[in-house]
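Working notes, beginning with the structure itself.
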Amino acid sequence: MPTSDWELPVSVQPKPEHYDYDLDAALSSVVGLRAVIPNDAFTAEILGTERAGNGVLIRRGVVLTIGYLITEAQTIWLHLADGAAVPGHVLAYDQETGFGLVQALASIDLPTLRIGQSESAKVGDPVVVAGAGGRKHSIVARIAAKQEFAGNWEYVLDEAIFTTPAHPFWGGTAMIDRSGELVGIGSLQVQQQRERGSADSLNMIVPIDLLKPILQDLLTRGRPNRPARPWLGLHATEIDDKIVIASVSDGGPARRANLQQGDVVLAVAGAEVSDLAAFFRKVWSLGQAGVEVPLAIFRDGRAFEARVRSGDRNTFLKRPSLH
C-alpha cells in the first residue's frame, strides 16, 4: 500500500469526467490492508511476516483481497482514506482461485463496489486498476490479454486477465470496468517480452467470475465446499521445455519423498509433462488431497520414480484466531 504522500503521475490517473459512473465513490470502496504473520508460520519465509496491499469492500464489513496477503495472518488492519484504521479478521482464503476475504471488526461507513462480469471484459477494453487512496493511487489501464496463467506455487488459472500499464502496488487492487463494477482483483506483476528483447510490465488480475460460485461458502464455511486438491509442497519452473523443481517446502509432501531442488520432472503417473499447467493439472486429476502421486524424476544423470503422498495445503497453515 502506498504511503499517503505518494501518488501516481497525474497523466495516468483516472478523471471523473471520463466515466459514466461515480468514479470517486467507486474508488472509495478500496481500502488499504496490512497483515502481521507469526514468525513460525508456514508461509513466513516466502511471503514475509509483514504484508501490505489493498482490498475492496464488496458487502457491508466484508473486504475481498488477494489471499497471499492474509494467509496465516495473526493481525489485520484495514486503512481508510480518512486515516482511520479498523481491525480485521481473516474470514476465508481459497487456494484454487487465490481470493481472500477479511471481516472488518468495526463499522466501515463506505460504499461497496458492485460485482460485475469478468467474462464480458474484452482484450483492449479500458479499465481502472484502483489502489487504496482514491484517484492518486489508481491508474487508467487496458486489458492486454486474457489467457492461461500457471504460478510456480501449484496454481493455475484457465483464463487470467492481464492489464497494462502495470500498477506499482498491485496486490489486492480492484479492476473496475466501464460500468463501474468490480471485474477482478490484482495478484501479480509479470513481464511480457517484446520481439526486440525489451519487456513490458503487466498486472495479472484474478477474474471476479471465479468468486461467484464459492462466495457463499467462503462467507459461511471459510473455504469452498469441495475436496482439496492434492498438494506436493514444491515450487517448479519451466526451463527449455522441462519442469525443474526450484524449491521444496520444509515438512511438505515433496520433502518427505526426498525430492530436491534441481530435480527434473519427466512425467506424472506415466504421462509426460513439459509445462507447468500440464504438470499441475495432471497431479490434480489423480484425485483429492492424500492421493499418491507417482513422478518420473531425472537427477544426476539417472531417472527414477518417486511416489509422493500428497497433502492438503490448508492443513500446513496456521488458522486465524478471533481475538
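The values are calculated or read from the model by the stated rules, or taken from the named source; none is laboratory data. In this text the structure is predicted, and so the values were computed from the model without any measurement. Cβ placement follows ideal geometry from the backbone for every residue including glycine, while neighbour counts extend to all protein chains displayed.
Step by step: first the residues of the range 224-258, then only those that are touching a Pro at 6+ places or on another chain (Cβ under 9 Å) and of a type in the set (A, V, I, L, M, F, W, C), then the one that is farthest from ALA296 (Cα to Cα). Which residue is that?
TRP231
Can you name every residue in the range 178-200 that is modelled with pLDDT under 95, among the small types (Gly, Ala, Ser) and in contact with a strand residue (DSSP E or B) (Cβ under 6 Å, 6 or more places away or on another chain)?
Within the range 178-200, just ALA199 meets the criteria.
Could you say whether any residue in the range 49-67 is part of a helix (DSSP H, G or I), under 23 Å from VAL129 (Cα atoms) and not assigned by TED's automatic domain parsing to the domain that holds VAL248?
yes
Matching residues to (1) within 21 Å of TYR68 (Cα to Cα); (2) surrounded by 23 or more Cβ atoms within 10 Å (Cβ to Cβ); (3) without any contact (Cβ under 8 Å) to a residue 24 or more places away in the chain; (4) not assigned by TED's automatic domain parsing to the domain that holds PHE99:
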position: ALA130; (1), (2), (3), (4): yes, yes, no, no
position: ALA141; (1), (2), (3), (4): no, yes, no, no
position: PHE149; (1), (2), (3), (4): yes, no, no, no
position: ASN152; (1), (2), (3), (4): yes, no, no, no
position: TRP170; (1), (2), (3), (4): yes, yes, no, no
position: MET175; (1), (2), (3), (4): yes, yes, no, no
position: GLY180; (1), (2), (3), (4): no, no, no, no
position: GLY186; (1), (2), (3), (4): yes, yes, no, no
position: GLN192; (1), (2), (3), (4): no, no, no, no
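Is there a residue in the range 299-318 that is farther than 30 Å from THR75 by Cβ and modelled with pLDDT under 95?
Within the range 299-318, none of the residues are farther than 30 Å from THR75 by Cβ and modelled with pLDDT under 95.
Just checking, which of PRO224, PRO213, PRO207 is of a type outside the set (Ser, Thr, Tyr), touching a residue at least 12 places away in the same chain (Cβ under 8 Å) and surrounded by fewer than 21 Cβ atoms within 10 Å (Cβ to Cβ)?
PRO224
Determine which single condition ALA52 fails, assuming it passes every other condition in (1) under 22 Å from ILE205 (Cβ atoms); (2) out of contact with any helix residue (DSSP H, G or I) (no Cβ under 8 Å at 6 or more places or on another chain).
ALA52 satisfies every listed condition except (2).
Which ones in the range 164-182 are within 20 Å of GLY116 (Cα to Cα) and among the small types (Gly, Ala, Ser)?
Selection gives GLY171, GLY172, ALA174, SER179, GLY180.
Going through the range 278-323 one residue at a time, which ones are more than 26 Å from the chain's Cα centre (by Cα), buried (at least 20 other Cβ atoms within 10 Å of the Cβ) and part of a loop (DSSP other than H, G, I, E, B)?
The answer is none; no residue qualifies.
Any chance you could count how many residues in the range 246-277 are assigned to a strand (DSSP E or B), of a type in the set (A, V, I, L, M, F, W, C) and more than 11 Å from VAL308 (Cβ to Cβ)?
Residues in the range 246-277 being assigned to a strand (DSSP E or B), of a type in the set (A, V, I, L, M, F, W, C) and more than 11 Å from VAL308 (Cβ to Cβ): 5 in total.
Which pairs have Cβ atoms under 6 Å, sit 6 or more apart or on different chains, and link a residue in the range 23-39 that is at negative phi to one that is modelled with pLDDT of 95 or more and basic (Lys, Arg)?
ALA35/ARG51
Residue by residue through the range 235-272, note down the ones that are touching a residue at least 24 places away in the same chain (Cβ under 8 Å) and basic (Lys, Arg).
LYS242, ARG256
Restricted to the range 68-89, and to residues that are outside any helix (DSSP H, G or I) and within 15 Å of the chain's Cα centre (by Cα), which residue is nearest to MET175 (Cα to Cα)? Spell out the reasoning first.
Residues of the range 68-89 outside any helix (DSSP H, G or I): 70-89.
Then drop every residue that is not within 15 Å of the chain's Cα centre (by Cα), which leaves 70-72.
Numbers: ILE70: 19, THR71: 22, GLU72: 25 Å.
Of everything passing the filter in the range 68-89, ILE70 is nearest to MET175 (Cα to Cα).
Checking TRP153 against (1) closer than 25 Å to ASP275 by Cα; (2) in a strand (DSSP E or B), only one condition comes out false. Which one?
(2)
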